[in-house]
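Student: Below is a structure I'd like to ask you about.
The values are calculated or read from the model by the stated rules, or taken from the named source; none is laboratory data. These figures come from a predicted structure and were not determined experimentally. Positions of Cβ are backbone-derived with ideal geometry, glycine not excepted, and every protein chain shown enters the neighbour counts. Heavy atoms of the whole protein, side chains included, go into the accessibility calculation; ligands, DNA and RNA do not. Shrake-Rupley method; radii C 1.70, N 1.55, O 1.52, S 1.80 Å.
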Amino acid sequence: MARVGVFICDCGVNIASTVDVPKVVEYAMTLQKVAIAKEYKYMCSDPGQNLILDTIKEYKLDRIVVSSCSPRMHELTFRICVNKGKINPYYFEMANIREQCSWVHQKDKEAATKKAMKLTEIAVAKVLRNEPLFPLYSPVIKRALVIGGGIAGIQASLDLGDAGHETVIVERESSIGGRMSQLDKTFPTLDCSQCILSPKMVAVAQNKNIKIYTYAEVEEVQGYVGNFTVKIRKKARYVDMVKCTGCGVCTQKCPAKTSSEFNEKTGDRKAIYTPFPQAVPNVPVIDKNNCIYFLKGKCKVCEKFCPSNAIIYNQEDEVVEEKFGAIVVATGIDIYDHSNYGEYGYGKYKNVLSGLQFERMVSSSGPTDGHILRPSDQEEPKDVVFIQCVGARDPSKGQDYCARVCCMWTAKQAILLKEHLPNSRAYIFYIDIRAFGKGYEEFVRRAQVDYQVTYLRGRVSRIYEKGKKLRVLGTDTLAGGQVEIDADMVILADAMVPKYDSVKVAQTLGIPYDTYRFFTELHPKLAPVETVTSGIFLAGACSGPKDIPDTVAQAGAAAAKVCALFSKDNIEIEPTIAQVNFSLCSGCETCKLVCPFNAIEMREREIRRGVKRSIANVIESVCRGCGTCVGSCYCKAIDLRGFRDKQIMAELEAVCIE
């Protein structure tokens with residue numbers, strides 16, 4: 001005969017201040033099969049868990065209900081505790097009387113108490129119909145895939161490679177490096193960006209455990225944690241990577257020019273090019289959309305002058321299939337398209353630049369060799385206006401969220417302006433200064449005091465040309481008046497936004513994304529690098545705007561999670577998964593079509609002697625127990641372990657009983 005123990009948690013005052021806990025304990029004692037009910041201030045604490053273990057022993061309990069906070073917080077904690085008491089962990093149920101009760105009924109204690117009683121009763125009704133479940137195990141392939149070759153992908157790959165795990169980086173561009181490679185210096189230390197990034201890029205190339213696929217994209221992902229099958233498309237470079245020595249002769253001789261994407265179209269590149277001097281691998285790519293040979297069928301200058309015979313005009317894309325045990329997503333960010341802000345004149349006035357264009361201008365490897373010059377007449381500017389929050393904190397035109405780095409980015413650029421042109425004047429229009437990191441507040445103060453940068457709290461309403469100048473109309477809310485500045489250049493601090501194809505990537509990987517299209521972590525506080533799909537981890541700004549230190553830290557955390565996964569030969573899989581009754585299955589494939597995790601496959605089975613039929617089969621290591629297949633099955637041939645129909649019906653009956 002079942003003997004149920006019920007334990008009600010006060011959660012300090014989180015529950016006890018709204019719910020009459022002693023009354024809930026008293027009510028629990030009247031429920032069917034309940035042998036004992038107890039209250040404790042913090043049930044998740046060691047004393048609270050010891051109370052449960054002692055009570056199990058004293059009252060010979062075989063089922064446990066804990067009414068406390070969200071199962072997402074402490075369900076695993078209590079399952080481990082129950083298992084120590086020699087009870088199957090799935091003979092445990094948790095009623096959420098904090099988030100679903102006390103927190104939402106703070107002004108009505110009587111209603112909150114009644115609801116807590118009912119939630120506890122529902123949990124008791126279900127636990128009486130629970131069945132013992134046991135974990136499943138699946139082998140782990142100890143190879144990692146890192147999608148994205150920016151600083152996040154580089155750091156995660158180095159950490160994994162140094163830990164002895166074979167790692168593959170897939171980078172869309174022709175070189176690793178990402179956004180950080182476009183920067184001149186980094187805040188708050190003003191380190192040369194390439195000086196600190198290049199050694200890591202070289203280390204990746206030299207690490208024997210790391211393989212780099214540049215100019216490549218992930219096309220398809222199948223499988224599950226510990227055993228992913230990934231198809232990678234290696235796009236045709238039209239250059240033999242083995243033969244090429246990176247001498248650069250082909251680039252020098254190429255007669256075709258086009259705008260450089262790396263330099264944000266502020267300079268030119270050749271049709272055969274490497275994006276920047278420190279590129280890894282140092283192997284050029286032919287841009288067939290601008291190559292004279294591909295456009296007109298003649299030229300072949302690069303082939304003629306190549307000393308290594310590395311040019312391959314008939315090279316085609318290649319799709320490779322590889323297996324991995326874990327995936328780290330480090331796809332990075334795009335920069336907000338500020339063409340929505342027509343009042344700022346970007347694209348109309350040559351001297352209105354984006355922040356990234358200014359970075360390339362001030363860089364010694366940029367189109368102006370590090371000289372700050374007005375694009376309109378190549379003269380040095382005297383007055384430069386910086387506008388923050390372009391596309392951020394502006395739901396009417398841009399995004400609601402704060403892009404996090406703009407305040408520091410703009411302060412850094414103003415300092416660089418003053419260092420390059422000491423006699424220039426810098427003005428920054430801002431909404432708020434959010435200098436949140438270590439040394440950040442001091443850095444902004446340094447810009448204001450040491451470099452005499454003028455900060456104006458307010459938005460810019462309009463920019464228009466007046467002679468050779470740009471008339472900037474704005475507001476200074478601290479001074480309480482309108483501001484007019486005749487500027488030589490205007491720099492827009494654009495917001496960070498998700499990659500343009502982030503939704504497609506999320507759908508390929510089977511991970512969720514938020515309303516802004518950033519990838520969603522499993523839990524923003526407790527699992528910031530994990531996703532709902534086990535074995536897939538997030539690193540860097542693909543999950544939200546981040547600066548370089550936070551990006552590197554998260555990449556290290558993602559690598560650590562992968563190492564923890566690879567520390568075992570087999571991984572434990574939650575047993576609350578779908579189960580097919582083969583005798584009832586009609587083989588209609590509806591469940592296969594609706595499964596969001598591709599966890600159902602059709603297999604031919606003998607349903608009776610001499611009769612075979614295609615029947616749904618659940619891949620246990622892939623199934624996440626979402627229950628979508630259960631709800632879609634016309635034949636009622638699928639059930640969910642731990643949430644069978646009889647268990648759900650018992651809960652509904654408990655709801656209806658007055």
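Student: Considering only segment 40-63, how many residues are within 37 Å of the chain's Cα centre (by Cα) and surrounded by 14 or more Cβ atoms within 10 Å (Cβ to Cβ)? Spell out how you get there, then give the answer.
Tutor: In the first step, residues of segment 40-63 are kept if they are within 37 Å of the chain's Cα centre (by Cα); the result is 41-46, 48-49.
Filter once more, so that each one left must be surrounded by 14 or more Cβ atoms within 10 Å (Cβ to Cβ): 41-44, 48-49.
Number of matching residues: 6.
Student: Yes or no: Glu110 acidic (Asp, Glu) and buried (at least 16 other Cβ atoms within 10 Å of the Cβ)?
Tutor: Judged against the criteria, Glu110 is not a match.
Student: Something else: Please verify whether segment 338-349 includes one or more residues that are at pLDDT 95 or above and among the basic types (Lys, Arg).
Tutor: No.
Student: Is it the case that some residue within segment 246-262 is closer than 20 Å to Val170 by Cβ, part of a loop (DSSP other than H, G, I, E, B) and open to solvent by 60 Å² or more (accessible area, probe 1.4 Å)?
Tutor: For segment 246-262, residues closer than 20 Å to Val170 by Cβ, part of a loop (DSSP other than H, G, I, E, B) and open to solvent by 60 Å² or more (accessible area, probe 1.4 Å): present.
Student: List every residue pair whose Cβ atoms lie under 6 Å apart, where the two residues are 6 or more positions apart in sequence or sit on different chains, the first residue falls within segment 133-149 and is in contact (Cβ under 8 Å) with a residue 12 or more places away in the chain and open to solvent by 10 Å² or more (accessible area, probe 1.4 Å), and the second residue, located anywhere, is outside any strand (DSSP E or B) and aromatic (Phe, Trp, Tyr).
Tutor: Matching pairs, first to second residue: Leu133/Tyr90; Lys142/Phe566.
Student: Over 30 Å from Val328 (Cα atoms), open to solvent by 10 Å² or more (accessible area, probe 1.4 Å) and assigned to a loop (DSSP other than H, G, I, E, B) - does that describe any residue in segment 516-534?
Tutor: So far as segment 516-534 goes, no, none of its residues is over 30 Å from Val328 (Cα atoms), open to solvent by 10 Å² or more (accessible area, probe 1.4 Å) and assigned to a loop (DSSP other than H, G, I, E, B).
Student: Filtering segment 375-404 down to residues that are open to solvent by less than 10 Å² (accessible area, probe 1.4 Å) and assigned to a loop (DSSP other than H, G, I, E, B), which residue is nearest to Gly345 (Cα to Cα)?
Tutor: Gly391
Student: I would also like to ask the following. Among the listed residues Glu322, Glu318, identify the single one that is in contact with a Leu (Cβ under 8 Å, 6 or more places away or on another chain), at pLDDT 95 or above, among the acidic types (Asp, Glu) and over 22 Å from Leu183 (Cα atoms).
Tutor: Answer to the selection: Glu322.
Student: Of these, Gly474, Gly556, Gly480, which one is at positive phi and of a type outside the set (Lys, Arg)?
Tutor: Working: Gly474 fails: at positive phi; Gly556 fails: at positive phi.
Residue meeting the stated conditions: Gly480.
Student: Suppose we keep only residues that are touching a Gly at 6+ places or on another chain (Cβ under 7 Å) and not in a strand (DSSP E or B) within segment 441-495. Which one would you say is surrounded by the most Cβ atoms within 10 Å (Cβ to Cβ)?
Tutor: Looking at residues that are touching a Gly at 6+ places or on another chain (Cβ under 7 Å) and not in a strand (DSSP E or B), I get Ala495.
Student: Could you identify the single residue in Cys623, Cys656, Cys633, Cys591 that is open to solvent by less than 30 Å² (accessible area, probe 1.4 Å) and more than 32 Å from the chain's Cα centre (by Cα)?
Tutor: When all the criteria are applied, what remains is Cys633.
Student: Then there is this: Could you please tell me which pairs satisfy a Cβ distance under 6 Å, a separation of 6+ or placement on different chains, a first residue in segment 183-212 that is touching a residue at least 40 places away in the same chain (Cβ under 8 Å) and closer than 17 Å to Val146 by Cβ, and a second residue that is in a strand (DSSP E or B) and open to solvent by 40 Å² or more (accessible area, probe 1.4 Å)?
Tutor: If the second residue must be in a strand (DSSP E or B) and open to solvent by 40 Å² or more (accessible area, probe 1.4 Å), the pairs left are Asn209/Glu166.
Student: Residues that are in contact (Cβ under 8 Å) with a residue 24 or more places away in the chain and over 23 Å from Ser534 (Cα atoms), at least 3 per element: which helices (runs of 4 or more DSSP H) completely within segment 567-658 meet that? Working first, answer last.
Tutor: On the way: elements: 590-594, 628-632, 645-656.
In segment 567-658, 645-656 are the helices (runs of 4 or more DSSP H) which contain 3 or more residues that are in contact (Cβ under 8 Å) with a residue 24 or more places away in the chain and over 23 Å from Ser534 (Cα atoms).
Student: Sticking with this structure for a sec: With Ala527, Ala479 as the choices, which residue is modelled with pLDDT under 95, among the hydrophobic types (A, V, I, L, M, F, W, C) and closer than 30 Å to Tyr464 by Cβ?
Tutor: Of Ala527, Ala479, the one residue that is modelled with pLDDT under 95, among the hydrophobic types (A, V, I, L, M, F, W, C) and closer than 30 Å to Tyr464 by Cβ is Ala479.
Student: Now, a different point. Test Gly347 against the criterion of being out of contact with any Phe, Trp or Tyr (no Cβ under 6 Å at 6 or more places or on another chain), under 30 Å from Tyr464 (Cα atoms) and open to solvent by less than 20 Å² (accessible area, probe 1.4 Å), and give yes or no. So that I can check it myself, show each step before the final result.
Tutor: Numbers: out of contact with any Phe, Trp or Tyr (no Cβ under 6 Å at 6 or more places or on another chain): yes; under 30 Å from Tyr464 (Cα atoms): yes; open to solvent by less than 20 Å² (accessible area, probe 1.4 Å): no.
In short, no.
Student: Name every residue in segment 165-180 that is of a type outside the set (A, V, I, L, M, F, W, C) and either under 30 Å from Cys192 (Cα atoms) or open to solvent by less than 10 Å² (accessible area, probe 1.4 Å) (or both), in order of residue number.
Tutor: Once the filter is applied, which keeps residues that are of a type outside the set (A, V, I, L, M, F, W, C) and either under 30 Å from Cys192 (Cα atoms) or open to solvent by less than 10 Å² (accessible area, probe 1.4 Å) (or both), segment 165-180 yields Thr167, Glu171, Arg172, Glu173, Ser174, Ser175, Gly177, Gly178, Arg179.
Student: Additional query: Mind checking which pairs have a first residue in segment 99-124 that is under 20 Å from Leu31 (Cβ atoms) and basic (Lys, Arg) and a second that is modelled with pLDDT of 95 or more and surrounded by fewer than 15 Cβ atoms within 10 Å (Cβ to Cβ), Cβ under 8 Å, 6 or more apart or different chains?
Tutor: As it stands, the answer is none, since no pair meets every condition given.
Student: Filter segment 290-327 down to the residues that are touching a residue at least 12 places away in the same chain (Cβ under 8 Å) and among the polar types (S, T, N, Q), then identify the one that is surrounded by the most Cβ atoms within 10 Å (Cβ to Cβ).
Tutor: Restricting to residues being touching a residue at least 12 places away in the same chain (Cβ under 8 Å) and among the polar types (S, T, N, Q), the top hit is Asn290.
Student: Ok, one more. From the list Lys208, Lys265, exactly one residue is in a loop (DSSP other than H, G, I, E, B), open to solvent by 40 Å² or more (accessible area, probe 1.4 Å) and at pLDDT 95 or above. Which is it?
Tutor: Unique residue meeting the criteria: Lys208.
Student: Another question, then. For segment 422-458, which residues satisfy the criterion of being touching a Cys at 6+ places or on another chain (Cβ under 9 Å), without any contact (Cβ under 8 Å) to a residue 40 or more places away in the chain and not hydrophobic (A, V, I, L, M, F, W, C)?
Tutor: The answer is Asp432, Arg434.
Student: Just one of the numbered conditions (1) more than 17 Å from Ala559 (Cα to Cα); (2) crowded, with 22+ Cβ neighbours inside 10 Å; (3) hydroxyl-bearing (Ser, Thr, Tyr) is not true of Ser543; which one?
Tutor: Status for Ser543: all satisfied but (1).
Student: Let me ask something else about it. Mind checking which residues of segment 420-440 are within 20 Å of Glu380 (Cα to Cα) and part of a loop (DSSP other than H, G, I, E, B)?
Tutor: Once the filter is applied, which keeps residues that are within 20 Å of Glu380 (Cα to Cα) and part of a loop (DSSP other than H, G, I, E, B), segment 420-440 yields Leu421, Pro422, Asn423, Ser424.
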